[in-house]
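Below is one structure, written out as structure tokens; the observations come after it.
The values are calculated or read from the model by the stated rules, or taken from the named source; none is laboratory data. Given the structure is predicted, the values throughout are model-derived calculations rather than measurements. Positions of Cβ are backbone-derived with ideal geometry, glycine not excepted, and every protein chain shown enters the neighbour counts. What goes into the accessible areas is simple: the full protein's heavy atoms, side chains included, and nothing from ligands, DNA or RNA. Shrake-Rupley method; radii C 1.70, N 1.55, O 1.52, S 1.80 Å.
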Amino acid sequence: MTYSIRRMVKEDLEQVTEIDREAFPSQWPPANYKQELQNKTAHYIVLCDDTKTVDVPAAAPPKKKLSIVSLLMPWTRRKQLEKLSSPTVTQQYIVGFSGIWMMADEAHLTNIAVRQQYRGKGLGEFLVIATIDLAMQLKASFMTLEVRASNLIAQNLYHKYGFVQMGIRRGYYLDNREDAIIMSTDSISSESFQTQIKELREALKKKVA
Ligand SMILES: CC(C)(COP(=O)(O)OP(=O)(O)OC[C@H]1O[C@@H](n2cnc3c(N)ncnc32)[C@H](O)[C@@H]1OP(=O)(O)O)[C@@H](O)C(=O)NCCC(=O)NCCS
């Protein structure tokens, strides 16, 4: 399989929201990615399975009036209506996404998720590396995040990529009042951090190949 990463665009909202709802079913309030795309501090990326496409509902076409011809000759109307409605468009199949908010020189990882049937193959790691690269491009000095105390899978992933626990926000999550673990990296441009990422990147290439 081959995968690629690119910036999230508005045409991705349908699939991204679907992945978000699957990954965070109890999250309240639910994330609003349409708003996030308009947020200047937010930067999101999507991970696509390049071997697959998906048909998603097309945005509603601008309302057009039926032509006089179709009003006079009703048998042409059906064809014209079919053409106007164009119900789906074919898109790249998105299997995961992640995003950061840039606040001064801090890149705050807001979300990361991989479709359930694609988990456990190194794609979460792929996204973490791409998110660190993005933070570097945006001149962040370090990265931070919050993760549910019960989410040990995500915590393992973050530990692997140099995040360490900095504190706890008691009752942070509104749905069940669960605590959030605050995690942060060292300087992401430091030699030690970059060496660690380089090694993990190499190991991942073999894992995902
Ligand atoms: C967290 C998530 C993105 C990980 O994605 P993934 O593609 O399954 O993860 P990977 O296959 O890249 O695994 C990377 C690391 O994560 C950890 N991990 C993944 N699955 C794990 C599991 N079942 N048990 C324990 N650790 C696990 C390990 O540290 C693993 O590294 P390893 O293979 O060297 O042990 C994915 O589980 C997900 O979408 N979860 C729901 C959303 C979520 O919780 N996001 C985090 C919000 S803070």
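Can you tell me which residue within the range 146-180, out of those that are in contact with a helix residue (DSSP H, G or I) (Cβ under 9 Å, 6 or more places away or on another chain) and over 24 Å from LEU204 (Cβ atoms), is nearest to the ligand (Cβ to nearest atom)?
The extreme case among them is ARG148.
In the range 12-39, what count of residues is obtained for those that are more than 22 Å from GLY124 (Cα to Cα) and either in contact with a strand residue (DSSP E or B) (Cβ under 9 Å, 6 or more places away or on another chain) or outside any loop (DSSP other than H, G, I, E, B) (or both)?
Counting residues in the range 12-39 that are more than 22 Å from GLY124 (Cα to Cα) and either in contact with a strand residue (DSSP E or B) (Cβ under 9 Å, 6 or more places away or on another chain) or outside any loop (DSSP other than H, G, I, E, B) (or both) gives 4.
Could you run through the range 150-199 and say how many residues are open to solvent by 30 Å² or more (accessible area, probe 1.4 Å) and part of a helix (DSSP H, G or I)?
Total meeting the criteria: 13.
Restricting to the range 131-145, name every residue that is surrounded by fewer than 18 Cβ atoms within 10 Å (Cβ to Cβ) and either aliphatic (A, V, I, L, M) or near the ligand (Cβ under 8 Å from one of its atoms) (or both).
MET136, LEU138 - these are the residues of the range 131-145 that are surrounded by fewer than 18 Cβ atoms within 10 Å (Cβ to Cβ) and either aliphatic (A, V, I, L, M) or near the ligand (Cβ under 8 Å from one of its atoms) (or both).
Suppose we keep only residues that are of a type in the set (S, T, N, Q) and closer than 22 Å to ASP55 by Cα within the range 99-130. Which one would you say is nearest to the ligand (Cβ to nearest atom)?
My answer is GLN116.
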